[in-house]
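**Student:** The following block contains the structure, expressed as structure tokens.
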Amino acid sequence: MQPSAELTAHSSWLDAALARFAADNADLVDRTRTLLDSLIAEPQSHARLLNTLSLLEHMGSHKIMATQHSAAIDQPTLRHVAEEAHHAYFMKRQAEKVAQRALEYVADDLLAPSSARMYFQRLESATVRALAEQRSARAAYLYMSMIVEFRALWFYGLYDHALKSARHALSLKRVLGEEQAHLGDMAMRLEAGGELDDARAAEVLAAERRLFSRMLDALERAIN
Ligand SMILES: [Fe+2]
Ligand SMILES: [Fe+2]
């Protein structure tokens, strides 16, 4: 482990990047809050949101497993896949608690499922394109994970706040803590490998913002 100079440099990159992410997404906050408030107020829809989040977490953990299977797979990556799989389980458990029945990853039990699947697939293509000259499965994994964690932290933060305002018993504290640790970990590993490039990160973040905004449109349509 390098002494703190590198860590300090990294965390100032991350602090600035988080501030930039918040500013770039400020116009999506009200829409997202309105959507979350109306979903939380309607248990059957809320259960479908939770089941959709479970699907996204499951796809995330599957994506890590499908791309990171070399003999050199390390402890942080194994921990990451385990925690994402746990998030999928946690969201499913909460979804079924709210719905008071078993839920599957089928259209009737999900919200805007094709847009959720498209979000992941297109984000992966955008990441691979942005990293074209690098051709490193590891760098692609770290970038894609880092970008997803920016959104996860932003979205779960708003969601947790909306749950508290509605005095809902569900708390996302543990999930938020883990997503935050993943984000820091991805940024640190990219930085340590000399692969953290501001312009490249900005390019993928801009693509992610368009994809998320499209998913938001679809979610709004699904409840109206
Ligand atoms: Fe997660
Ligand atoms: Fe995560």
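The values are calculated or read from the model by the stated rules, or taken from the named source; none is laboratory data. These figures come from a predicted structure and were not determined experimentally. Note that we place each Cβ from the backbone using ideal geometry, even for glycine, and neighbour counts take in every protein chain shown. Only protein heavy atoms, including side chains, enter the accessible area calculation; ligands, DNA and RNA are left aside. Shrake-Rupley method; radii C 1.70, N 1.55, O 1.52, S 1.80 Å.
**Student:** Determine whether Ala152 is out of contact with any Gly (no Cβ under 8 Å at 6 or more places or on another chain), in a loop (DSSP other than H, G, I, E, B) and of a type outside the set (D, E, K, R).
**Tutor:** Against the criterion (out of contact with any Gly (no Cβ under 8 Å at 6 or more places or on another chain), in a loop (DSSP other than H, G, I, E, B) and of a type outside the set (D, E, K, R)), Ala152 does not qualify.
**Student:** Another question, then. Any residue in the stretch 19-42 that is within 16 Å of ligand 1 (Cβ to nearest atom) and closer than 15 Å to Leu216 by Cβ?
**Tutor:** So far as the stretch 19-42 goes, no, none of its residues is within 16 Å of ligand 1 (Cβ to nearest atom) and closer than 15 Å to Leu216 by Cβ.
**Student:** Moving on. Across the stretch 120-162, what is the total count of residues that are within 16 Å of ligand 1 (Cβ to nearest atom) and farther than 19 Å from Leu183 by Cα?
**Tutor:** 0
**Student:** With a cut-off of at least 2 residues that are closer than 21 Å to His182 by Cα and open to solvent by less than 40 Å² (accessible area, probe 1.4 Å), name the helices (runs of 4 or more DSSP H) lying wholly within the stretch 7-100.
**Tutor:** Passing ranges, in order: 43-67, 75-99.
**Student:** Any residue at all in the stretch 104-113 that is open to solvent by less than 30 Å² (accessible area, probe 1.4 Å) and on the phi > 0 side of the Ramachandran plot?
**Tutor:** Within the stretch 104-113, one or more residues are open to solvent by less than 30 Å² (accessible area, probe 1.4 Å) and on the phi > 0 side of the Ramachandran plot.
**Student:** What are the residues in the stretch 148-195 that are free of Cβ contacts under 8 Å to residues at least 24 places away in the same chain, crowded, with 17+ Cβ neighbours inside 10 Å and of a type outside the set (Ser, Thr, Tyr), if any?
**Tutor:** Once the filter is applied, which keeps residues that are free of Cβ contacts under 8 Å to residues at least 24 places away in the same chain, crowded, with 17+ Cβ neighbours inside 10 Å and of a type outside the set (Ser, Thr, Tyr), the stretch 148-195 yields Asp160, Leu172.
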